[in-house]
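Participant: Please read through the structure below; I'll follow up with questions.
Every read-out reported here was derived from the displayed coordinates using simple, explicitly stated rules and does not represent laboratory data. Since we're looking at a predicted model, the values are computed, not measured. Cβ sites come from the backbone with ideal geometry, for glycine too, and all protein chains shown count toward neighbours.
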Amino acid sequence: MARISSLSVVLLNFNHARFLRESLQAIVDQSYQPLEIIAIDDASYDDSVSIIQEFAREHPSIRLVRNERNLGAMPTANLGISLAQGDYVAIAPADDPILPGFYERSMGLLARYPAAGACSASALQVTGDGARKGILKPTISCQAERFIPPGEALALLRRYGPWYVGPATIYRRQSVLDCGGFRPELGSSADSLLFIILALRYGVCYIPTPLACWRQADDSFSARTYADPQTMLRQIQRALELAADEFGDLFPRDLLAQLRSRWIYAAGMSFLDALRKTRIEGMRGFMPSASMTDRVLLTWLDISGQAHLFFFRMYFFLRLRLWGCPTVSPNPTRSQP
């Protein structure tokens, strides 16, 4: 009889006390129970630790690890993987709760395809306060859960770009270690590049059902990166150089060019959208007792900002075509790093 594979969950937390109870409860309520839940607090200064300790008293599978100083998301994820005992690892950001059935369905599919380097699912997009905005637009069209072998993964990446959503992904731990883990120098590009490497080397599983939430918050790891275009561009360039230098056998030159264009486009759209939202929210903050006229004006500014974003999007799309990569889609998805 084949040995049943095990799952470790690595919860990453930094000052997300307001989301911790929801995220931890979603994990312990899963129909498939993980071998362990390693909750790593990255030197938070809110009451995160006390919340984790509260859950750990009721759930012995939860183990609290405290970083003495703030290491950042990617080094903390690598720490969790090094501590994990499971065959598979789910990296769970504390602000992105998972949905019922995530572990059971993912581990069931991985059991059928043990060579797969990872399994990813679709996700729901939620606002900072938890309101659901709908299903994240999938990059690839898929009607049923399946395994995508490396050759097909390359074709899909060429045509559509990455389809990875971090909180909805489970990794084969040894595959991650063999590929060098998450590269901290790549910042928020690290997890996206790792998923692409796993897809091209081992193949990956995919479930076209939302099994986790992706929170669109101004203080998220990726949002902080998008606030600085030069940092984002440097990270994209480093990711492409690493792919070419260390995994050149997996990345054809045309794929690298397409990824560069897609990532720059998606990062640019995120930056422009964040600017629009910051402007509107800032104005609302100066009008705590907004009149009807104020509300109408702010609504008009919001709508006009969306129109401006549409024209910027089309301009950016055409500009990237001139850079020699005509396969970028003008409809943004979560394919950015």
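Participant: Taking the Cβ of Ile40 as the centre, find all other residues whose Cβ is under 10 Å away and add up their charges (Lys, Arg: +1; Asp, Glu: -1). Kindly include the intermediate steps, with their values, before the conclusion.
Facilitator: Numbers: positive: Arg63, Arg66; negative: Asp41, Asp42.
Charge balance in the 10 Å sphere: 0.
Participant: Another question, if that's okay. Let me make sure I get this right: for segment 1-92, a, b and c are the square roots of the gyration tensor eigenvalues over alpha carbons, sorted descending. Under 1.5 in a/c it's rounded, otherwise prolate if a/b > b/c, else oblate. Which is it?
Facilitator: The shape class here is oblate.
Participant: Work out from phi, with θ = phi - 60° and the Karplus expression 6.51 cos²θ - 1.76 cosθ + 1.60, the ³J(HN,Hα) of each residue of segment 156-173, listed in order in whole Hz, and give x for Gly and Pro.
Facilitator: 5, 5, 5, 7, 10, x, x, 10, 7, 10, x, x, 9, 10, 10, 10, 6, 4
Participant: What trypsin sites (Lys or Arg not before Pro) in segment 48-109 are in a loop by DSSP, with at most 15 other Cβ atoms within 10 Å of the Cβ?
Facilitator: Arg69
Participant: Additional query: Fewest first, what order do His59, His16 take by the number of other Cβ atoms within 10 Å?
Facilitator: Result, fewest neighbours first: His59, His16.
Participant: Cut-off is 10 Å between beta-carbons; in what order do Asp29, Asp47 appear when sorted fewest neighbours first?
Facilitator: Placing the least packed residue first, the sequence is Asp29, Asp47.
Participant: A follow-up question, please. Order these by the 10 Å Cβ neighbour count, fewest first: Ser192, Ser270.
Facilitator: Ser270, Ser192
Participant: Right, next: Looking at segment 37-132, which GluC sites (Glu not before Pro) are in a loop (DSSP not H, G, I, E or B) and have at most 13 other Cβ atoms within 10 Å?
Facilitator: When the GluC sites (Glu not before Pro) of segment 37-132 are filtered for loop state and at most 13 Cβ neighbours within 10 Å, Glu68 remain.
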